[in-house]
1. Name the residues in the range B:457-473 that are more than 19 Å from the chain's Cα centre (by Cα) and within 12 Å of chain A (Cβ to nearest Cβ), would you?
2. Sort through A:393, A:411, A:353, A:401 and tell me the only one that's under 27 Å from residue A:288 (Cβ atoms) and of a type in the set (Gly, Ala, Ser).
3. Which one is farthest from the other protein chains (Cβ to nearest Cβ), of the residues in the range A:408-452 that are under 19 Å from residue A:257 (Cα atoms) and among the aromatic types (Phe, Trp, Tyr)?
4. Determine which member of the set B:366, B:357 is crowded, with 21+ Cβ neighbours inside 10 Å, within 8 Å of chain A (Cβ to nearest Cβ) and either of a type outside the set (Ser, Thr, Tyr) or not in a strand (DSSP E or B) (or both).
5. When the range A:444-462 is examined, which residues are found to be touching a Phe, Trp or Tyr at 6+ places or on another chain (Cβ under 9 Å), crowded, with 21+ Cβ neighbours inside 10 Å and not basic (Lys, Arg)?
6. Where the second residue is hydrophobic (A, V, I, L, M, F, W, C) and the first is touching a residue at least 60 places away in the same chain (Cβ under 8 Å) and lies in the range B:407-419, which pairs have Cβ atoms under 6 Å and are six or more apart or on separate chains?
7. Could you please let me know if residue A:153 is surrounded by 23 or more Cβ atoms within 10 Å (Cβ to Cβ), under 21 Å from the mean Cα position of the chain (by Cα) and modelled with pLDDT of 75 or more?
8. Quick check on the range B:409-423. Is at least one of its residues crowded, with 18+ Cβ neighbours inside 10 Å, more than 7 Å from chain A (Cβ to nearest Cβ) and in contact with a His (Cβ under 9 Å, 6 or more places away or on another chain)?
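The values are calculated or read from the model by the stated rules, or taken from the named source; none is laboratory data. Quick caveat, the model's predicted, so the values are computed rather than measured. Using ideal geometry, Cβ is built from the backbone for each residue, glycine included, and neighbour counts are taken over all protein chains shown.
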Amino acid sequence: MRFSRLGPGPDVDSLGVRSRHSYSRLAIADGLAMFAALTLVIAVIGAVDAPGDSLRMALVALVPGAVGLSGRSRYVRRQRPPAGRVIAGLASTWAALVLLGTTVYVVTGASPTLADALFESAAGYSTVATTSMDPSTLSLPIGLFRASTQWLGGAVGLLAGVIAFPSIMRGRVQIPKGTGRRIDRLAPTTIVGRRRVLGLYSSLTVVCGIAYFATGMSARGSIVHAMTTLSTGGFSDNADSFLTEGAASRAVATVFMLVAGTSYFALWWLVRGNHRRFVRSPELRLYLAIVASVSVLLVWQVPDLSVEDALFTAASASSTTGLAVAEWTLFPSGALSILLVAVATGAMGASAGSGLRVVRARLLLSHAGHELRRQLDPQAVVAVHHGGRSVGGDELDQLTGYQIAHFGLVGIGAFAMAGTGLGLTESLWTSVSTLSTFGTGPGLGAFGDATHLDAFHRLLLIPGMLAGRLSILPLLLAFASVMRIRHLAGRQVRRVFRRRR
Amino acid sequence: MKSVRDAQARRATELHMARSQIRSTTLHVMSIAIISVSAAMFITALLERATTDQDTGALFISGLVTVGLGASMWWVTAPGSVRSRDVFAAVGWTWIAITVIGALPYVLAHTFAVPGVGFTEELTNSIFESASGFSCTGSSALTDFSRMGRGLAMYRQATQFYGGMGIVVLAVAVLPFLGVGGLDLMTAEAPGPSSDRLTPRVSETAKRLWATYALLTVSIAVALIVLPGPSVYDGIAHSMSAASTGGFSPHSSSIGYFDSVWVEIILMAGMLVGGANFALHWRALVGDRGCYSRDPEFRAYVLMIVASAAIVVGFLWLGDGMALGTAARVGIFNTVSLGTSTGYGSATGEASAGNFVLWAPAAQMVLLFLMLIGASTGSTSGGVKIMRLQVLAAHSIRSIRRSQHPRAVIPVRHGSAAVSEDIVTRMAGFFVVYLLLILFGVVSLTLMDSGFIESVGAIVGALGGMGPSLGEAGPTASFSDPFSQPARLFLSLYMLIGRLEIFPILLMFAAPWRAVRDRVA
């Protein structure tokens, strides 16, 4: 394949078919094809319960399916696409999926207004557990479709975190451990890696669904909850999430939420029988330690909370899933602040979860310790270690720069929420929760009910959802592009004025 | 002239050496600081005797104990090494010592003695008030201001005057033998990433900074007394807490007590000057008038205050439905007060327009951001500081650009000057530690049964030297109600951590620990 560095360019393969290099278009085509396949399967299953809804869904899926398949045959992937293209491609895929989801909700009449449909679709594809619907009133195809949006969103986030970002930012510590070293790679090529990740993701979803079903959950509930648990989405088939589910179902949910928040690199080692390496992963140990600590503190702070429910709530917060077994927003402030820290820290790197990520939190803590040491001994050479190697200053700078931007975005989000009249606590929580794709919290309730928010308020949350699911890079790059366009336009205007003079 | 001074310094050092003394920079700096605090106690004792004569004994006995302790410490100690860890220990332990000793007048005067409240609670409140004063925070555990005589109230104001420019800077100014390492001591105490050297001699720099500070305080006092007409007592009291951006007032309703636009305007001017870099003020005083406009931090400082005030006034006018005049008055005053980390309140009562906890959430969010940001480096204010945020914002933008162009060489600039990578890394490290401290503090306070938003406001406020918090700990409330006794002690520690820009308090145990470790080894 000819390697081109400039924009989409024509290429002719051995069969004489003209194809073009474009990461973004191919990513969108992949997304559309996956959307169409999943929606058609759901339409077929859902035809038993609501044939009208199923037919409309199938019709909506046909066009993107055709476009996706045509795109897949027309475009080829560059060997090493530039970072900007990869980020733009992922963001465009997400946007395309959100628009299609909106169309499904509008066409089927599941959402009364366009704003409701857009919000529900964005929440689904960004795996945020906030909803504007009453899930207990939805037909089978709509209920399954709603869960599938989270499953697909989880897949996009996972592929971004495990395959796309590591390939463009090789060796950066903000990317999961060891992706820069051959020995730690999930697969020799990105295509094989993608297959393995999706294979593992699908297999775990199936196992989770069977486990739910074995605990006595309905078939529909099992499918819905399996898709929303493994994707760390948090949508439920019940308006009160897991509040009315049995103890066995809750136990299954706890286990699979923890699995969903685990790095796919670690899970891959486990699948390949490398148990020792899995157990010795420092990030995994810290992740489990956080969940255990949060559970203990919750039991201490909330007198009536059982250990099982505390563990469920801690797993939900740490994996940023958003399922709930109690109205935890009414917990004492100590418990709330512990949960906020857990949500902000989030899951492991290279997992389906979001948030700051345990690996980054660990490195930031090391960086803080390093800074204290440097204050004492300004001449000392102190290295920050991670996974058996020392992390370079450049990498740490990149990490801190990225986190400062993230922190700024939390502030902007909180201000925007407060601007709509939400209280201070609620605004801070909503901003953190949305950027971590957790979705629930004071202001939205433990079950993520957003029906009381007005349309403007809901639309404000959508950029935060995108930033939470695909990292803040797409948003910031879009902002940078706008600033650059403004700068170029300004320069052009100044030139014109100068010429006139 | 200089050689005479050097000779005097050498002779003083030799005299110290002659006595068989304990060589400890920490104890020696501490002794000077304690002696200087005793001066405030004696002066305010005389004021108390001449006016209310309520707490004269408490102030006088405190002064005697303090001067005795300081003098004996000064006599038996001599300055030792001034390595980084010794610097942190000296500054950190000095501030802890003056906070504890500074609480003595409140304890002896039983200012916080309330029926049904034990001595430990009284002691906690006294230490809290003292920490709040010296760290220029302005939070108060007082519920009944009439329990303080005029002298004790003035002593409370004076603690903020001492804390404003820094008691160690004062020590550096008066101790010639601290010339070597004195800059490190000043830097460890001064707000901001580095201490500007106005002259080649560190003690001269310290003197000039204190002179500028004293001039500002006197100017505010004169303006307050001459123009709008509060009493001489109120003028002096408020000038000390305005120049130091401390925020204490002898009145329970703070500046709302005067209900005067002129008083508010003068205090706003004082707070704004106090929140700017004092090195700039000195340069302006010696004739460099353009130094303000050339300084990128000062420009950002002015822009931040103006933009924040406009947003707050907008929300109060359009969101809360206040009259434009009232919105502008209370909005601008509180923005300047919190933007300079002073913490004066203009509320005349709990339900009045100046009580910002009743404002629209967005306006309160702006105030919370201001509490976090603080004002300029080298000023008397707290917070992260504008210069750090400017550099960190540039650093963050560079990180994002580098994710697009991984091999690009992009310098971080502050104004037109490139900032060295070492400084950028240090500032990023400082910010990370600062955020972790906020996180730890909020979780700890909420675990001590404090409300969530009260804890956020109190921790950000304590680290930033602000004073009033949010929620139930607003500008008209005392901290003794929403925060438990351990929570108040915890906040006292946070105030000192914030005033000394984190590191001295966190690292002050390192020097003694290493000394013990080395001896054992």
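1. Matches in the range B:457-473: B:470, B:471, B:472.
2. A:353
3. Of everything passing the filter in the range A:408-452, A:447 is farthest from the other protein chains (Cβ to nearest Cβ).
4. So the residue among B:366, B:357 that is crowded, with 21+ Cβ neighbours inside 10 Å, within 8 Å of chain A (Cβ to nearest Cβ) and either of a type outside the set (Ser, Thr, Tyr) or not in a strand (DSSP E or B) (or both) is B:366.
5. Answer for the range A:444-462, where residues must be touching a Phe, Trp or Tyr at 6+ places or on another chain (Cβ under 9 Å), crowded, with 21+ Cβ neighbours inside 10 Å and not basic (Lys, Arg): A:444, A:446, A:448, A:450, A:453, A:461.
6. B:414/B:391
7. yes
8. Within the range B:409-423, one or more residues are crowded, with 18+ Cβ neighbours inside 10 Å, more than 7 Å from chain A (Cβ to nearest Cβ) and in contact with a His (Cβ under 9 Å, 6 or more places away or on another chain).
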